[in-house]
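The next block holds one structure in the form of structure tokens; read it before the comments.
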There are 2 protein chains.
Amino acid sequence: MSKTQPARGMRDFLPADVRRREYVIGVIREVYERYGFEPLETPAVENIETLLGKYGEEGNQLIFKILKRGEHEQTGEADLALRYDLTVPLARVIANNRGTLPKFFKRYQIQPVWRADRPARGRFREFYQCDIDVVGTHSMLVEALLCAAAGEALAELGFQQFTIRLNHRQILAGILNAAGILGDKHASALVALDKLDKLGRNGVYKELTDRGIAEEASNKLLTFFENLSSLESEVRISVDGSIESEREELNKLVLSRLAEFIEEDDEIGNSGIAELRLILKYAKASGAGARIKIDPSLARGLSYYTGAIMEISVPDLSGSLGGGGRYDNLIGMFLKEGIPACGFSLGLERIIVVMTEREMFPRELVEAPAEVMILGWFDSQYEDENRILDSLALANRLRRKKMRVDVYPEPADMDKQFNYARKQGYPIIIQINQEDYREGKCVVKDMRTKTRQEITRAEVESVVLKMFGKESDT
Amino acid sequence: MSKTQPARGMRDFLPADVRRREYVIGVIREVYERYGFEPLETPAVENIETLLGKYGEEGNQLIFKILKRGEHEQTGEADLALRYDLTVPLARVIANNRGTLPKFFKRYQIQPVWRADRPARGRFREFYQCDIDVVGTHSMLVEALLCAAAGEALAELGFQQFTIRLNHRQILAGILNAAGILGDKHASALVALDKLDKLGRNGVYKELTDRGIAEEASNKLLTFFENLSSLESEVRISVDGSIESEREELNKLVLSRLAEFIEEDDEIGNSGIAELRLILKYAKASGAGARIKIDPSLARGLSYYTGAIMEISVPDLSGSLGGGGRYDNLIGMFLKEGIPACGFSLGLERIIVVMTEREMFPRELVEAPAEVMILGWFDSQYEDENRILDSLALANRLRRKKMRVDVYPEPADMDKQFNYARKQGYPIIIQINQEDYREGKCVVKDMRTKTRQEITRAEVESVVLKMFGKESDT
């Protein structure tokens, strides 16, 4: 027998899975559209040179490469590859459609990407990315818009207590400068600093000094962060108001600490502070103020960010539900020019895992193949055409009312039919036995409330619609 | 400069394209759900042995094969491949989920497939298939259901005059037998017969005799089809009623001609006739009767069909919008057992081409990035925070009403902003100039009706909602 599992690290989505995924994608899409984003789709397959060299040495290794066809197949040469992310394709589309796309191009893209990573719990080789990006302006309106849109999408999915952590690459540089860490050590220091949550002060101190950063500088840096983290409890005591005013107060305090710590003549660091101040104001006006928390320890791994960076965290969940930032040097890669851009990516697979674990899906989603099952065959032997034609016509009438309807498809005893329908979880089962048929009646069973009604055939539509809380318009 | 086109035979879908595709997919999905089909999704990538040998020698050549990763990359060996159709993955899923899937599994699957075909007009290397299949029963209810569901999907998309051509493999065999063509020549004769539309009687006669079929048998066969085609004009004269009754009459006549022509002791041929009779009755009760036309010349290329076959044609369009049939020996391929199945596939790419050419998309689909654009910057020099905060708050209010709203993102002269918004086609443009801002007003322009209203800020939601024909619920 052949192997019938999906390929390693890939997944089949059975109906209940697809319904969950479609629900989440539908909500995200609807919110993104409301914020003025437009859909873009690119092919799964790209020319290999479009992708190679764009994701570093490790990325190159993880790209699925496609053999040349025909006689070239023997050479083992690859000329195509599977999409690795949605950002490089966006850059290619921008370059290829200059002049036709709007100057400010706001696109969302929700499509799978493929990475030959070692599969692990929650890590797949085919997974969806949900990206929004705004291309074409340096305006901080964009950062605020991304925070508002991504936050709103999560809120509509039912997430409540999440935080959008916000920082700025130039603030990070300013902090490291102020601590006395030289520019050539910044990247290395950020890798260590990124582990502050996980390793604590002593662990990061060791890692910093191991990386050749002076003890004095390491201490100054870590003391700054230690003082920052004590701010939170101070604010909680002093402000007794809404979460929004508490968070606003905290953000104000953190920004003023940053302004004190970063040197006055550090133009870059101070412009980072000014940008975050502006983003906070814009986000507040956009309704996202209460969700944002300035977090100067947020580093984010990707080296291509050039300005603000953000990440969404949920209490009791390590890792993030999404993240993004400004990257002004990447989108122009195919045009060899700088094009300002800022993007945010929601982690669809992770969102679905968390929503499943926390039972956040609407109850009506995990449902039967259809809303109504009609059982109209007489017995297991005899195919009575007229009777089944009657069932089909009834199904047709209900479908005209936009109901989702099934008909038991072959002759079987009524008990067998009923047991099948019950097992599949149809909420409404309509039974037409021999006597019902003769008398022009049927029995409608609402399996959710365990009630039954014997009604005439003319009443079926209105009775069934009512069971789903819908009005009949006839 | 790098190449920025998509890979050969692949397409980028810009926002207007995606909206068209999503519209079509949405309608098809909604109809399929109403007929009790459930969604299935499988990975783009399959183990190579799952696909190889399933599509014949030509198919094998057209499969995109993926190189092994890591050190194996040098060997040129492929271990994975891109999905070539949706039927083999369905068979794999059925085998892999035996016991958890319903006995009667009705699934739809709308996903891309990849074939390394030579690209041509309308032929792509990445294209979507839209399949419905019912697995697990021999009942003719299924054939009728597929005709009803696929027909309804096309009708909801706006197709009106299409025909579902219906035939049966066993009737074809019966006809060929009755003409005196031996079983070993059937496949070859069907290839020739399939060209009757294109080549006419003389062309097909030549092809039949070239293929070694006796002149007498060829003549008998072609005369039968000639007589059949004259039936249509006879019916049109004799029946003056609805299209439905005309078609019903024609189908009845064609079936009786078949019953006369096919030999009485030809059990296989006659069981084909009985099955079509049943399908017609079931389809009529399901509301699809008027769309079906028995067409004994329909052959369909795929050799795996075992019973009824169908194809949807549209007047003035060569080729079909979709087709399908019963194939009882394929779905069990991974289980080495027969599992009855019947399926239908709509040609999404072709549907979209025809709908675009015939302007069948709803007008509101081909639209701007959002419904409303707010222009709130003062001039190109000065970033007045308070003013733009005011615009953002207004955008937020409208988004709470489910409106799709954009805000011009950076400082610019009002004229420049307005020209941009007009060019992008936003139906509603809200302008807040300096005086408006001071007086708490704004100007709302409906670009579709070329009207403008000067209103207070409090009125904005109700005025804009009204412009879209929606009620304000506040």
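The tail of the calculated P(r) for chain B, taken as Cα-Cα distances beyond 42 Å, holds 36 percent of the pairs.
Straight Cα distances below 16 angstrom link A:K441 to the aspartates and glutamates A:D390, A:E454, A:E459, A:E461, with same-chain residues fewer than 8 positions distant left out. Note on A:D384 and A:K206: the model spin-label points, each 7 Å out from Cα along the C-beta direction, lie 8.2 nm apart. Backbone amide hydrogens, once placed in the peptide plane, bring B:Q129 within less than 5 Å of B:Q111, B:V113, excluding anything fewer than 5 places away on its chain. Taking other C-beta atoms within 10 Å as the exposure proxy, B:L346, A:L14 rank A:L14, B:L346 from fewest upward. Using the Cβ-Cβ distance between B:D415 and B:R448 with R0 set to 22 Å, the FRET efficiency works out to roughly 0.55.
Once you order the gyration tensor axes a ≥ b ≥ c over the Cα atoms, which shape class does segment A:167-213 get: rounded for a/c under 1.5, otherwise prolate or oblate by comparing a/b with b/c? Here segment A:167-213 falls in the oblate category. With Cα atoms defining each centre, segment A:274-328 and segment A:84-124 are spaced 21 Å apart in the structure. Sorted largest first, the spans of the alpha carbon positions of segment B:194-329 along the three principal axes are 44, 41, 36 Å.
Dividing the alpha-carbon Rg of segment A:121-206 by 2.2 N^0.38 Å yields what? Please report the intermediate quantities before stating the final value.
Numbers: Rg = 17.4 Å, N = 86, 2.2 N^0.38 = 12.0 Å.
In units of the globular-protein estimate, segment A:121-206 measures up at 1.46.
The C-alpha atoms of chain B define a longest principal axis, and helix B:414-424 lies at about 10 degrees to it. Rounded to the nearest whole Hz, the Karplus-based 3J(HN,Hα) values (6.51 cos²θ - 1.76 cosθ + 1.60, θ = phi - 60°) of segment B:174-185 follow the sequence x, 4, 5, 4, 5, 6, x, 9, 6, x, 6, 9, with x at glycine and proline.
Give the residue list of GluC sites (Glu not before Pro) in segment B:251-321 that are DSSP loop and have at most 10 other beta-carbon atoms within 10 angstrom. The partial results should precede the final answer.
Working: sites: B:E260, B:E263, B:E264, B:E267, B:E275, B:E311; in loops: B:E263, B:E264.
Of the GluC sites (Glu not before Pro), the ones in loops of segment B:251-321 whose Cβ has at most 10 other Cβ atoms within 10 Å are B:E264.
Take every Cα pair under 8 Å in chain B that's 6+ residues apart, average their separations, divide by the length, and report that relative contact order as a whole percent.
Details: 742 pairs, mean separation 68.6, N = 474.
Over chain B, the number comes to 14 percent.
Within segment B:1-54, the proportion of C-alpha pairs whose separation exceeds 19 Å stands at 62%. Peptide B:56-69 shows a mean partner chain C-beta count of 4 within 10 Å per residue C-beta. Taking Cα atoms, how many degrees apart are the long axis of helix B:215-238 and the longest axis of chain B, rounded to 10 and kept between 0 and 90? Around 50 degrees separate the two axes.
The phi torsions of segment A:67-78, fed into the Karplus equation with coefficients 6.51, -1.76 and 1.60 and a -60° offset, translate into couplings of 4, 4, 8, x, 5, 6, 4, 5, 6, x, 7, 9 Hz, rounded to whole numbers, with Gly and Pro shown as x.
Place a +1 charge on the Cβ of each Lys and Arg in the protein assembly as shown and a -1 charge on the Cβ of each Asp and Glu, then give the dipole magnitude about the Cα centre in debye, rounded to the nearest 20.
Numbers: 132 positive and 148 negative charges, 27 e Å.
My answer is approximately 140 debye.
Return B:L335, A:L82, A:L154 ranked ascending by Cβ neighbour count within 10 Å, so the fewest neighbours appear first. Walk me through the numbers on the way to the answer.
Working: B:L335 16, A:L82 27, A:L154 23.
Ascending Cβ contact count within 10 Å gives the list B:L335, A:L154, A:L82.
Note that segment A:5-12 has calculated 3J(HN,Hα) couplings of 5, x, 4, 3, x, 10, 9, 7 Hz, one per residue in order, obtained from phi through the Karplus relation 6.51 cos²θ - 1.76 cosθ + 1.60 (θ = phi - 60°); glycine and proline are x. Helices in the protein assembly as shown, meaning DSSP H runs of at least 4 residues, each add -39500 (n - 2.57). Divided by all residues, the mean residue ellipticity at 222 nm is -13500 deg cm²/dmol.
Counting neighbouring beta carbons within 10 Å and listing from fewest to most, the residues B:K402, A:K68 come out as B:K402, A:K68. Taken along its principal axes, the alpha carbon cloud of segment A:417-462 reaches lengths of 28, 22, 14 Å, longest axis first. Residues in segment A:391-430, backbone N under 19 Å from the label point at A:S462 (7 Å along the Cα-to-beta-carbon vector): list them, ranges by number please. Only A:394-395, A:397-403 fall inside the zone, counting backbone N under 19 Å.
Placing a label point 7 Å from the Cα of A:D415 along the Cα-to-Cβ direction, the distances to the matching points in the other copies come to 8.7 nm, shortest first. Annotation: amide H of A:A78 within the under-5 Å range of A:K68, sequence separation 5 or more or interchain, hydrogens built in the peptide plane.
The share of Cα pairs per 5 Å bin across segment A:330-474, counted from zero up to the longest distance, runs 2, 8, 16, 17, 14, 9, 6, 5, 5, 4, 3, 4, 3, 3, 1, 0 percent.
Peptide A:416-429 has a mean shielding of 1, counted as Cβ atoms of other protein chains within 10 Å of each residue's Cβ. Annotation: lysines with alpha-carbon distance below 23 angstrom to B:K423 (same-chain offsets under eight excluded): A:K103, A:K106, B:K445, B:K450.
In terms of the Cα gyration tensor, with a ≥ b ≥ c the square roots of its eigenvalues, is the protein assembly as shown rounded because a/c is under 1.5, prolate because a/b exceeds b/c, or oblate? Working shown, then result.
Working: a/c = 2.08, a/b = 1.78, b/c = 1.17.
Because a/c hits 1.5 or more and a/b exceeds b/c, the protein assembly as shown counts as prolate.
Assuming charge only on the beta carbon of Lys and Arg (+1) and of Asp and Glu (-1), the dipole of segment A:5-144 about its Cα centre is about 340 debye to the nearest 20. B:E57 label point (Cα plus 7 Å toward Cβ) to equivalent points in the other copies: 4.7 nm, shortest first. Chain A versus the axis that turns it onto chain B: the residue with the nearest Cβ and the distance in whole Å amount to A:G76, 1. When you filter the trypsin sites (Lys or Arg not before Pro) in segment B:89-118 for DSSP loop state and at most 15 other Cβ atoms inside 10 Å of their Cβ, you are left with B:R98, B:K103.
Put simply, the amide H of A:Y108, placed in the peptide plane, has neighbours under 5 Å in A:E38, A:L40, leaving out anything fewer than 5 places away on its chain. Relative to the current alpha-carbon distance between B:E337 and B:S303, full extension at 0.36 nm per residue lengthens the span by 10.4 nm.
Which FRET efficiency value, to the nearest 0.05, do you get for B:Q434 and B:E359 by plugging their Cβ-Cβ distance into 1/(1 + (r/R0)^6) with R0 = 45 Å? With R0 = 45 Å, the Cβ-Cβ based efficiency is 0.55. Ascending distances from the B:P119 label point to its copies in the other chains, with the point 7 Å along the Cα-to-beta-carbon line: 3.2 nm. Between B:L141, A:L40, B:I66, the Cα set farthest toward the positive side of the dipole of the protein assembly as shown (charges on each charged residue's Cβ, about the Cα centre) is that of B:L141.
Values in this text are rule-based calculations from the coordinates and carry no lab data. This structure is a prediction, so every number in the text was calculated from the model and none was measured. We place every Cβ from the backbone using ideal geometry, glycine too, and count neighbours over all the protein chains shown.
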